[in-house]
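S.K.: The structure's right below; bear with me while I get my questions together.
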Amino acid sequence: MAVCVAVIAKENYPLYIRSIPTENQLKFHYTVHTSLDVVDEKISAMGKALVDQRELYLGLLYPTEDYKVYGYVTNSKVKFVMVVDSSNTALRDNEIRSMFRKLHNSYTDVMCNPFYNPGDPIQSRAFDNTVTSMMVAAC
Amino acid sequence: MSRQTNRGTESKKMNSELFNLTYGSLVAQLCKDYENDEDVNKQLEKMGYNIGVRLIEDFLARSNVGRCHDFRETADVIAKVAFKMYLGITPTITNWSPAGDEFSLILENNPLVDFVELPDNHSNLIYSNMLCGVLRGALEMVQMAVDVKFAQDTLKGDSVTEIRMKFIRRIEDNLPAGEE
């Protein structure tokens with residue numbers, strides 16, 4: 001399903017980024033990095049009107065030749081970016097949405113770990129497993 | 001905080017996340033304040049002890065349990081009444097020693113550790129060690145010296161949490177032990 005999953009802090013530095021090992025990692029880092037501009041654009045475009053609706057899912061950020069990039073932003077402005085293989089056409093918007101929700105729940109658990117300092121890179125086995133399950137489901 | 005006036009046997013609901021985060025931040029702060037995990041464990045045990053010696057009064061007042069005649073009865077009360085009242089769980093009692101002076105409390109899920117993952121540099125930390133202190137303190141106030149320690153911990157990869165309790169002796173004189 002997903003080929004790369006990234007969590008980006010409010011100040012736009014990466015908290016977590018993992019991609020499938022068979023591909024060039026740097027390429028995905030680059031893809032995620034470029035997507036941040038689109039995320040910012042979407043957030044400011046939504047403006048105040050949509051803030052009340054609490055729609056966290058940003059939808060498709062942009063498609064490339066091989067991949068589709070989806071975004072999600074929490075109320076605390078932490079961004080989740082997911083890169084998906086575009087050959088996988090069976091993937092519906094709803095599934096992406098539920099994957100993000102799963103990711104968000106897992107992220108919340110990480111935040112609640114008393115040994116995790118907010119702002120640090122995420123090093124958690126539980127979170128790793130969640131991400132792995134999302135990547136394996138695809139491959 | 002105002003003193004509660006109606007202390008019944010009914011248990012009040014409490015938000016488990018708040019409880020978890022409160023205990024978690026306490027342990028995390030202790031880890032910052034002390035250099036090695038053994039000191040943190042000792043400190044948690046001591047805090048638990050101080051809770052236990054007070055909590056037993058509350059427990060006896062609210063639960064209306066009578067005097068226990070043997071250690072097995074004590075074990076039952078701890079698991080079925082005390083844990084139920086304060087943590088909302090009922091551990092199972094197993095692994096009695098042949099002499100009947102030692103048993104294990106098995107906690108299927110420990111309510112203290114919902115979100116916790118031990119970091120690699122705290123592998124010796126016994127996160128829930130306060131429970132041991134509480135049990136030791138409480139039983140000491142009812143003239144029982146016990147030794148309480150963790151035998152298994154889900155945080156360390158075991159499938160269940162096991163607290164091992166060993167009866168040492170009856171405390172004969174009723175003089176209160178010195179403040180620790």
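Quick note: the coordinates plus some simple rules give every number you see, no bench work behind them. In this text the structure is predicted, and so the values were computed from the model without any measurement. Cβ sites come from the backbone with ideal geometry, for glycine too, and all protein chains shown count toward neighbours.
S.K.: Which FRET efficiency value, to the nearest 0.05, is calculated for residue A:77 and residue B:84 with the Förster distance at 51 angstrom and r the Cβ-Cβ distance?
M.R.: Rounded to the nearest 0.05, the efficiency is 0.75.
S.K.: Given a Förster radius of 35 Å and the C-beta distance between residue A:112 and residue B:73 as r, what FRET efficiency does 1/(1 + (r/R0)^6) yield to the nearest 0.05?
M.R.: Once rounded, the FRET efficiency stands at 0.35.
S.K.: Report the Cα centroid-to-centroid distance between segment B:111-155 and segment A:79-129 in angstrom, as an integer.
M.R.: That distance is 32 Å.
S.K.: Efficiency by 1/(1 + (r/R0)^6): what FRET value for residue B:36 and residue A:27, r their Cβ-Cβ distance, R0 = 51 Å, to the nearest 0.05?
M.R.: The pair residue B:36/residue A:27 has a calculated efficiency of 0.70.
S.K.: Please return the longest range in chain B lying between exposed loop sites, taking trypsin sites (Lys or Arg not before Pro), DSSP loop only, at most 14 other beta-carbon atoms within 10 Å, and leaving the sites out.
M.R.: Answer - B:68-180.
S.K.: Using Cα positions and a limit of under 16 Å, work out the lysines in reach of residue A:77, with same-chain residues fewer than 8 apart set aside.
M.R.: Answer for residue A:77, where 16 Å is the Cα cut-off: A:10, A:42, A:48, listed by chain and number.
S.K.: Is there a pair in A:79/B:84; B:12/B:46; B:13/B:149; B:32/B:166; A:79/B:42 whose C-alpha atoms are over 30 Å apart, and which pairs would that be?
M.R.: Beyond 30 Å between Cα atoms: A:79/B:84; B:32/B:166; A:79/B:42.
S.K.: Compute the distance from the alpha-carbon center of segment B:95-109 to that of segment B:23-76, in whole Å.
M.R.: 18 Å
S.K.: Starting at 0 and stepping by 5 Å, how many percent of the alpha carbon pairs of segment A:1-121 end up in each bin?
M.R.: 2, 10, 22, 23, 21, 14, 5, 2, 0
S.K.: May I have the pair-distance distribution P(r) for the protein assembly as shown, computed from all Cα-Cα distances with 20 Å bins from 0 and rounded to whole percent?
M.R.: Calculated over all Cα pairs of the protein assembly as shown, the distribution is 27, 42, 25, 6, 0 percent.
S.K.: Quick one: compute a quarter of the convex hull surface over the Cα atoms of segment B:16-170 and quote it in nm².
M.R.: Spelled out: convex hull of the Cα atoms, projected over all directions, averaged, 8.9 nm².
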